[in-house]
Amino acid sequence: MGRNSLKGQVKISGAKNSALAIMAGTLLCDDDCRLNNMPCLSDINTMGLVLASLGVKIKKMTSSWEFNSRNLKAEKAPYDLVSQLRASFFVIGPILTRLGVAQVPLPGGCAIGSRPVELHVRGLQAMGANVTIEHGVVNASVKGSSGRLKGANIFLDYPSVGATETIMMAATLADGVTVIENAAKEPEIVDLANFCNSMGAKISGAGTDSIVIKGVERLHSTDYEIIPDRIEAGTFLVAGAITHSEILVTSVNHDHLIPVIAKLSEIGCKVIQEDKNILRTIPGELRASDIETLPHPGFPTDMQAQFMALLTISEGNSLVTETVFENRLRHVAELKRMGANIKVKGNSAHVVGVPMLSGAPVMATDLRASAALVLAGLAADGKTIVQGLQHLDRGYQDLEQKLQGLGAKIQRLQDYQP
Ligand code: EPU
């Protein structure tokens, strides 16, 4: 039920996209790796199954997981797992650099775009890998007798998060120095570099355009804490803004949220840093604003749908342009079912603010769209029923319990029949 103001505080979980890349990173070392602040999400469990299929021993203790990949196999992970989770392709770099050979099924496209991997592949080829794609499987092997990749200078045509991660991980155990130019600068890249360095890797410059990796012979065990999820945190900040509520969002890193906080302030909701890891929303009148998604430190594509929900009830005309993924405006049709006034042209959505949304049954099309529909439901008049919660469960830990803790009238319907 919507139109209910929120109050209190909510604690943010560990970052899904850091955890996924770092789980792949545990394959770089044959000692125990312990990861703390692991979020409890279906994507994380799927990645655990991918690693287990490669011979990794995993021990789960709520938010801490232990990995041992002493018996890592060069066999390919089952396609039915890889096709569920694109991040499972990220294992290619660590397996290739450790074993000299890797086979990983091509993950294919997904709900938000075609998501090719040629930048990952070109990076590995530049480091001396032989790569062929046959029957839907990427086969990579290292040329020459040493079995080791060679450091290289790699310029990425686009600062792809996944390609930067694949190349960075592969380069940790390569022979010589690798430089990645036009690298992605997302906080998850910095987290992966810090994790690799905690195992003895020599990576500098992560978080800038240019990352330098000096290859080492081997990595050692580590005990590492995953950063907070900036997208979950941003989603709760929007929950505060869209319900005109003052809430505290805790266990966050303010610096990772600068583009999101700046845009919220432009729209009319101030966010103040209460303490080192605590943010407070100060609600205000909501005004239109234009948004263009960009690689970090630009506005994150993973917050576009949630902000679109907010702009549907912000006074005036907003233009939302999605530049990162080619098919990430599918939530528009669902928001329109709730009374939003939105027109899509190409990769842009023109949003005219309406005074109020009205609750309706809606269907989630992907992870961030599902969060946007929940946010819209919090602000809408009457009851909203969001279907397709398997998308939500990929990336939001206990969303309904966390919102209930803030006083939202939300519940999960077990056997809902439309
Ligand atoms: N791209 C290519 N070729 C490549 C690689 C990427 O054309 O070889 C294109 C993609 O098709 C896309 C754009 O580059 O259009 C950006 O892709 P990128 O590689 O940067 O994204 P990713 O690594 O596939 C990660 C996150 C996404 C997030 C993006 C952008 C993980 C597991 N996923 O994806 O998260 O949107 O970076 O920030 O880290 C989500 O959490 O909802 C999510 C989709």
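Within straight-line reach of Lys343, meaning a Cα separation under 23 Å, sit the following lysines at least 8 residues removed in sequence or on another chain: Lys263. Sorted into 10 angstrom bins from 0, the C-alpha pair distances of the chain split as 5, 23, 31, 24, 13, 4, 0 percent. Take the Cα of Lys59, go 7 Å toward its beta carbon, and the backbone nitrogen atoms of the range 1-40 under 17 Å from that spot belong to 30-38.
Residues of the range 304-325 with an amide N closer than 12 Å to a point placed 7 Å from the Cα of Asn4 along the Cα-to-Cβ direction: none. Residue pairs exceeding 32 angstrom between C-alpha atoms, taken from Lys16/Lys57; Lys59/Lys409; Lys16/Lys276; Lys214/Lys402; Lys214/Lys270: Lys59/Lys409; Lys214/Lys402; Lys214/Lys270.
How much length is gained if the chain between Ile385 and Glu217 is pulled fully straight, taking 0.36 nm per residue apart and subtracting their Cα-Cα distance, in nm to one decimal? Walk me through the numbers on the way to the answer.
Working: separation 168, 0.36 × 168 = 60.48 nm, distance 5.40 nm.
Taking 0.36 nm per residue and subtracting the Cα distance, the gain is 55.1 nm.
Under the rule that an exposed site lies in a DSSP loop and has at most 14 other Cβ atoms within 10 Å, name the longest stretch of the chain with no trypsin sites (Lys or Arg not before Pro) of that kind, not counting the sites themselves.
Values: sites that count: Lys7, Arg70, Lys73, Lys143, Arg218, Lys276, Lys383, Lys409, Arg412.
Result, exposed sites excluded: 277-382.
The range 339-417 and the range 122-153 have Cα centres spaced 43 Å apart. Between Asp275 and Arg70, the contour length at 0.36 nm per residue exceeds the Cα-Cα span by 69.6 nm. The phi-based Karplus calculation (6.51 cos²θ - 1.76 cosθ + 1.60; θ = phi - 60°) puts the 3J(HN,Hα) values of the range 62-75 at 6, 8, 10, 10, 10, 10, 9, 10, 4, 9, 4, 10, 8, 6 Hz, whole numbers, x for Gly and Pro.
Among Asp398, Asp191, which comes first, second and so on when ranked by fewest other beta-carbon atoms within 10 Å?
Values: Asp398 16, Asp191 25.
Ascending Cβ contact count within 10 Å gives the list Asp398, Asp191.
As a proxy for reagent exposure, ranking His256, His244 by other Cβ atoms within 10 Å from fewest up yields His244, His256.
Give, to the nearest whole percent, the P(r) tail of the range 299-415 beyond 22 angstrom, counting all Cα pairs.
Numbers: 1908 of 6786 pairs.
Roughly 28 percent, rounded to a whole number.
Each value in this text was obtained by applying a stated rule to the coordinates, not by laboratory testing. Keep in mind it's a predicted model, so treat the numbers as computed, not measured. Cβ atoms come from the backbone with ideal geometry, glycine included; neighbour counts cover every protein chain shown.
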